[in-house]
Amino acid sequence: MLASFKSIFIVLLLVLMSKQFQSFAQTETETFTAKKAVYLEVGGSSGIYAINYSKIFHQKGKLKLNASAGFSMLPRRLNSKTTWLPLVPVEVSAFYGKSNHHLELGFGLTSYLASTLDFDPETLELIEKVGYDASIPLRIGYRYQKPEGGFFFRVGYTPIIDSRPRTGGNWSFYPYWAGVSFGKSF
């Protein structure tokens, strides 16, 4: 599994480097008229998948600032029972580049409900405990988005800092994580 994340990371770096050299050939920065996007993210800041909405809230020259929020339902199996728990990724990112190709940097907060098993000493039974947890995804990646709208694509290296103190866990860091997004900007 570690080898597959390393190969994804190497491919991502090669794509980023090749696209950045192509963006230097462009001479003029275009103003984005399509500031909104709807997309599906697999992996990334959501962990598994999420449907997201994003909006560019500031642009000046080659720099654009973007905010996004999404929603997902994740299955969790405890006590031979499947429970669906909501997950909400929120992210702020800056992307830099001319025309269609951009380097993207960002961070976010992904809040979710997590369930664990707990032992009740009075009844001697296992009980399911559901609590709020959060993770902090970081992002460095490539973003393809046309200024006038249309097809939207991004790929990124997204390490995750996970906090689980409310459900009895410890802070942890997952350095090998990546995500791909496809959608439409308008």
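The values are calculated or read from the model by the stated rules, or taken from the named source; none is laboratory data. Since we're looking at a predicted model, the values are computed, not measured. Cβ: placed from backbone, ideal geometry, glycine included. Neighbour counts: every protein chain shown.
Details
- Any hit, the range 116-137, residues being in contact (Cβ under 8 Å) with a residue 40 or more places away in the chain, in contact with a Phe, Trp or Tyr (Cβ under 7 Å, 6 or more places away or on another chain) and surrounded by fewer than 18 Cβ atoms within 10 Å (Cβ to Cβ): yes
- Restricting the range 104-158 to residues that are assigned to a strand (DSSP E or B) and of a type in the set (Val, Ile, Thr), the residue that is farthest from the chain's Cα centre (by Cα): Ile127
- Failed item in (1) part of a strand (DSSP E or B); (2) farther than 22 Å from Ala67 by Cβ, with Val180 passing the rest: (2)
- Residues of the range 50-86 that are surrounded by 16 or more Cβ atoms within 10 Å (Cβ to Cβ), within 15 Å of Gly108 (Cα to Cα) and not aliphatic (A, V, I, L, M): Asn52, Ser54, Asn66, Ser68, Gly70.
- Extreme residue, farthest from Ser111 (Cα to Cα), among residues of the range 139-186 that are touching a Ser or Thr at 6+ places or on another chain (Cβ under 7 Å) and at pLDDT below 90: Gly168
- Picking from residues in the range 171-181 that are of a type in the set (A, V, I, L, M, F, W, C) and exposed (fewer than 14 other Cβ atoms within 10 Å of the Cβ), the one that is nearest to Asn52 (Cα to Cα) is Phe173.
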